[in-house]
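What follows is one structure encoded as structure tokens, with my remarks underneath.
The values are calculated or read from the model by the stated rules, or taken from the named source; none is laboratory data. It should be emphasised that the depicted structure is a prediction, and the values quoted were computed from it without experimental measurement. Positions of Cβ are backbone-derived with ideal geometry, glycine not excepted, and every protein chain shown enters the neighbour counts. In case anyone asks, the SASA skips ligands and DNA or RNA and just uses the protein heavy atoms, side chains included. Shrake-Rupley method; radii C 1.70, N 1.55, O 1.52, S 1.80 Å.
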Amino acid sequence: MRRGEISFLESVNRMFDRAVATIDLPLGLAEQIKSCNSVYQVRFSLKFGREYRTFTGWRAVHSEHRLPAKGGIRYANLVGQAEVEALAALMTYKCAVVDVPFSGSKGGLLIDPRQYDDEDLERITRAFAEELIKKDYISPALNVPAPDVGTGPREMAWIADAYQTLKPDDINAIGCVTGKPVSEGGVVGRTEATGRGVQYGLQEFFRHPEDVKSAGLSGGLDGKEVIIQGLGNVGYHAAKFLSEEDGVRIKAVIEREGAIVARNGLNVEDLADYRRENGGLRGFPGVDYIEDGRSLLEAECDILIPAALENQITVENAARVRANLIAEAANGPVTYGADEILRARGVVILPDLYLNAGGVTVSYFEWIKNLSHIRFGRLDRRFEEMRGRQIVDVIEAVSGKSVPDKLRIQLMHGASELDLVCSGLDDTMREAYQHIRHVYLGRDNVPDLRTASFVVAIEKIAQSYKEMGL
């Protein structure tokens, strides 16, 4: 924790309290919504050669107003119970903001995955999963993990297999985790979903000229100068889609080993390939290398996208941040104290509660696919193609002219699983932003988009509690 800062968990709770102060709730209900329901800590040992190593992990369930609880499993050498509780709370609010019928959960294993080979990681993951499964902290009906920092589709496949081994009579066993490989019951588009959600969220923001103007910007995304922190799954896909499809210029990329600056913009694909092959950003041609990468959070740009870990913009550097718009692709990258400083300066923030929700949205689609036991588009794709062909035939018969090839392809295209997933995610991000915006603009006591996001989440959860009578 940096000097002058409160903890990540306390930061989330204070943001919650700030929003609750604008809402009239029955006495005690706010505390019920804010409180973490349960945390399970587990220790297990495995033998490596002649020695035993003990591992510590956690699974927090913040709320159970909707089931299953949902949230990723993080592998990191600094993870702890308070961090897991904070992330679980954010998951509860995030799901409510985007109308995904889950409550929030989160898991963490205290480990540096880079210190183990694939075979050992599989043993560790299966052992951790078995401990959680035994206590119903993994279940398609009660608690559904997903990838997070340090984990990915491979780890989710191991967890799913461990669950099916222990619960062979559960017909919906494949839905016990999301973010799986497509070949193991995953959904097309899940890997890039959080980054794609960042793109869709920014696209929706730029559809409202008055919102863009409030950030001191104008026009659309095309040509906007962007600095992105973190070239992991979320940062890579957000930067790739925004630069290739929306015309933004990636001015700088910040990573743990340093940062690079390119005045004319970076090719994200080339940079990702280089970092994979060389283990870092240093030496990438045609750019300036900055040893103190974090200093670039303070560089001038149109949009700053922190897509790494929490607590990156703090009371120590918030006053020097020069971005017009901060788009929180990571969970909790701006602390409560920094948020207060930035808001006083008029810096617009698209909050994590909204902008980071693409992953859980598409996880919901994957879970639905697993429970329905059929891939999206299987029943109607060819029917759509046939209807499109009939429309083309009618147009040509009436006009006496051939339909241009490009239009013919568009009309006769039946939606694939990826088409449907992207459509559903785009719709979700648009609807959520419009709801947040309505609260922000419609209530004098709601000062910013973050508070509006919390208000939206709290009011939906409170309504759920009232209707079911706690």
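A few remarks follow.
- Distribution of pairwise C-alpha distances over the stretch 374-432, 10 Å bins, in %: 22, 37, 28, 12, 1
- Among beta bridges identified by DSSP and lying wholly in the chain, the antiparallel ones come to about 50 percent.
- Positive-end residue, the stretch 304-405 charge dipole about Cα centroid, Cβ charges, pick of Leu371, Gln312, Gly388: Gly388
- Cα pair distances of the stretch 313-470 binned at 5 Å [whole percent]: 1, 8, 11, 13, 12, 12, 10, 9, 8, 7, 5, 3, 1, 0
- Mean separation of Cα contacts under 8 Å, 6 or more apart, over the residue count of the chain: relative contact order %: 16
- Accessible area (Å², 1.4 Å probe, nearest 10) - Asp170: 40
- Taking amide H positions as modeled 1.01 Å from N, with prolines and chain starts lacking one, the residues under 5 Å from Ile254 and 5 or more places away or on another chain are Ile228, Gln229, Gly230.
- Between Gln410 and Arg276, the modelled label-to-label distance comes to 3.3 nm, taking each label 7 Å out from Cα in the direction of the beta carbon.
- Put simply, the convex hull of the Cα atoms in the stretch 81-214 casts, on average, a shadow of 10.2 nm².
- Residue-normalised accessible area of the chain, given per residue in Å² at a 1.4 Å probe: 44
- Per DSSP, loop trypsin sites (Lys or Arg not before Pro) in the stretch 117-175 with at most 14 further Cβ within 10 Å: Lys135
- The stretch 159-316 - share of DSSP beta bridges that are antiparallel (%, nearest 5): 45
- Mean projected area (nm²) of the alpha-carbon convex hull when the stretch 295-358 is viewed from all directions: 3.8
- By the equivalent-ellipsoid construction on the alpha carbon gyration tensor, the stretch 175-262 comes out with semi-axes of 27, 18, 10 Å, ordered largest to smallest.
- Rounded FRET efficiency, nearest 0.05, which uses the C-beta distance separating Gln390 from Ser423 and R0 of 25 Å: 0.65
- Cα-Cα pairs of the stretch 52-123 separated by more than 15 Å (percent): 55
- Sorted peptide list for 24-34, 339-349, criterion being average Cβ within 10 angstrom, highest first: 339-349, 24-34
- Heavy atoms of Ile260 accessible to a 1.4 Å probe, total area in Å² rounded to 10: 0
- Cβ-defined net charge surrounding Arg74, 13 Å radius [Lys, Arg +1; Asp, Glu -1]: -4
- Values of log10 I(q)/I(0), in the order q = 0.10, 0.15, 0.23 Å⁻¹, for the stretch 26-155 under a Debye, Cα-only, solvent-free model: -0.32, -0.67, -1.39
- By average C-beta atoms within 10 angstrom, highest first, the peptides 219-226, 183-190: 183-190, 219-226
- Relative contact order of the stretch 217-316, pairs being alpha-carbon contacts under 8 Å that are 6 or more residues apart, as %: 34
- The accessible area of Ile290, taken with all protein chains in place and a 1.4 Å probe, comes to roughly 50 Å².
- Accessible surface of the chain, 1.4 Å probe, proportion on carbon and sulfur as whole %: 48
- Shape metrics for the chain, restricted to C-alpha atoms - Rg then Dmax, Å: 22.9, 82
- Within the stretch 39-147, percent of DSSP bridges classed antiparallel, to nearest 5: 65
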